Amino acid sequence: MYSTYEPTHESAVVSADFTGQPDLPRPNVGWAVAAVVFFWPLAFSAFTHALSVYPLWASGDHAGAQRAADRTKKLGVISLVVWFVMTVAVFGAYVVLMSWILSNPSNSRRTFASFPLWLHPRIRLSFFLVYNTLLGRC
């Protein structure tokens, strides 16, 4: 009775809700969370940009929404790089400190030969500081 139209190609199908607007960019909230975990001072700006993506897109500022999403990702990556550089710097400072302690036995009242190295007060203190710094307790 009624014939139905079957398109022959996928591009012939047009959805009813097509408005011609670009898609909503991903707000990259995961990168904002990474900024909280790795370098919290950048997290404030990262979350502000991440949470402004949808309002900008809904108001018609699609380029602004994309810039906010890109900025969120950029801040997350920067926080990860800052954390990595700081971790390498702390480890390097630890190596320098240990080499200084082990090369100058005159810095202590006792010599290093009189007891095991791991019992030396400076070495115990440096292990404590590095351990707690890496865990974020100091």
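The values are calculated or read from the model by the stated rules, or taken from the named source; none is laboratory data. Remember, it's a predicted structure, so these values are computed and weren't measured experimentally. For neighbour counting, all protein chains shown are included, and Cβ atoms are generated from backbone atoms with ideal geometry for every residue, glycine included.
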Only one of (1) assigned to a loop (DSSP other than H, G, I, E, B); (2) modelled with pLDDT under 90 fails for Ser11. Which number is that?
(1)
Tell me yes or no: at least one residue of the range 18-29 is outside any loop (DSSP other than H, G, I, E, B), at pLDDT 90 or above and under 30 Å from Ala69 (Cα atoms).
yes
Looking only at the range 63-73, count how many residues are surrounded by fewer than 19 Cβ atoms within 10 Å (Cβ to Cβ) and touching a helix residue (DSSP H, G or I) at 6+ places or on another chain (Cβ under 8 Å).
1
Mind listing whichever residues of the range 28-50 are among the aliphatic types (A, V, I, L, M) and either surrounded by 15 or more Cβ atoms within 10 Å (Cβ to Cβ) or under 11 Å from Val77 (Cα atoms) (or both)?
Val29, Ala32, Val33, Ala34, Ala35, Val36, Leu42, Ala43, Ala46, Ala50
Being in contact with a Leu (Cβ under 8 Å, 6 or more places away or on another chain), surrounded by fewer than 16 Cβ atoms within 10 Å (Cβ to Cβ) and either at pLDDT below 95 or not hydrophobic (A, V, I, L, M, F, W, C) (or both) is true for just one of Tyr2, Tyr54. Which residue is that?
Tyr54
